[in-house]
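*Asks:* Input: one structure, supplied below.
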Amino acid sequence: MERIAFVKKEDCTSCNQCADSLPRYFQMDDNDTAESHIQGRQINQAPIPEDDQRLVQNEMDECPGECIHWKT
């Protein structure tokens with residue numbers, strides 16, 4: 001089952017860690033804050049396939065700003 005990943009932008013530290021580690025799901029916007037995406041679309045509401053959720057969860061766990069979350 002897909003889950004939606006998003007970045008709470010006001011908590012982003014602009015460290016680029018997620019975008020560097022997992023660019024297929026994270027990118028930096030024009031204000032240098034992270035956002036989730038799927039091929040440059042579905043900005044900050046990226047549906048993550050079940051097979052990759054562990055990778056995204058790792059970025060959530062490692063994020064210094066603790067700004068990456070699953071939508072509930």
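*Asks:* On the given criteria, is residue 51 outside any loop (DSSP other than H, G, I, E, B), modelled with pLDDT of 95 or more and of a type in the set (Asp, Glu)?
*Replies:* Details: outside any loop (DSSP other than H, G, I, E, B): yes; modelled with pLDDT of 95 or more: yes; of a type in the set (Asp, Glu): yes.
So residue 51 passes the test.
*Asks:* Right, next: Across the stretch 1-16, which residue is farthest from residue 55 (Cα to Cα) among those that are outside any loop (DSSP other than H, G, I, E, B) and of a type in the set (A, V, I, L, M)? Let's see the steps before the verdict.
*Replies:* As a first pass, look at the stretch 1-16 and keep what is outside any loop (DSSP other than H, G, I, E, B): 3-7, 9-11.
Next, only the ones that are of a type in the set (A, V, I, L, M) stay: 4-5, 7.
On the way: 4: 13, 5: 12, 7: 15 Å.
Ranking the candidates gives 7 first.
*Asks:* If you don't mind, there's one more thing I want to ask. Being under 10 Å from the mean Cα position of the chain (by Cα) and either among the aliphatic types (A, V, I, L, M) or surrounded by fewer than 14 Cβ atoms within 10 Å (Cβ to Cβ) (or both) is the filter here, so list the residues in the stretch 1-16 that pass it.
*Replies:* Result: 4, 5, 7.
*Asks:* Filter the stretch 17-34 for residues that are assigned to a helix (DSSP H, G or I), buried (at least 16 other Cβ atoms within 10 Å of the Cβ) and free of Cβ contacts under 8 Å to residues at least 24 places away in the same chain and give the result. Don't jump to the end; show me each part of the working.
*Replies:* Filtering the stretch 17-34 down to residues assigned to a helix (DSSP H, G or I) leaves 17-21.
Retained after the next criterion (residues that are buried (at least 16 other Cβ atoms within 10 Å of the Cβ)): 17-19.
Listed by number, the list holds a single entry, 19.
*Asks:* Limited to the stretch 35-72, what total is found for residues that are among the charged types (D, E, K, R) and crowded, with 17+ Cβ neighbours inside 10 Å? Before you say what the answer is, go through the steps one by one.
*Replies:* So in the stretch 35-72, the residues among the charged types (D, E, K, R) come out as 35, 41, 50-52, 54, 59, 61-62, 66, 71.
Narrowing further to those that are crowded, with 17+ Cβ neighbours inside 10 Å: 35, 59.
Residues that pass the stated criteria total 2.
The values are calculated or read from the model by the stated rules, or taken from the named source; none is laboratory data. Source: prediction; values computed, not measured. Reconstructed Cβ throughout: ideal geometry from the backbone, glycine too, with neighbour counts over all protein chains shown.
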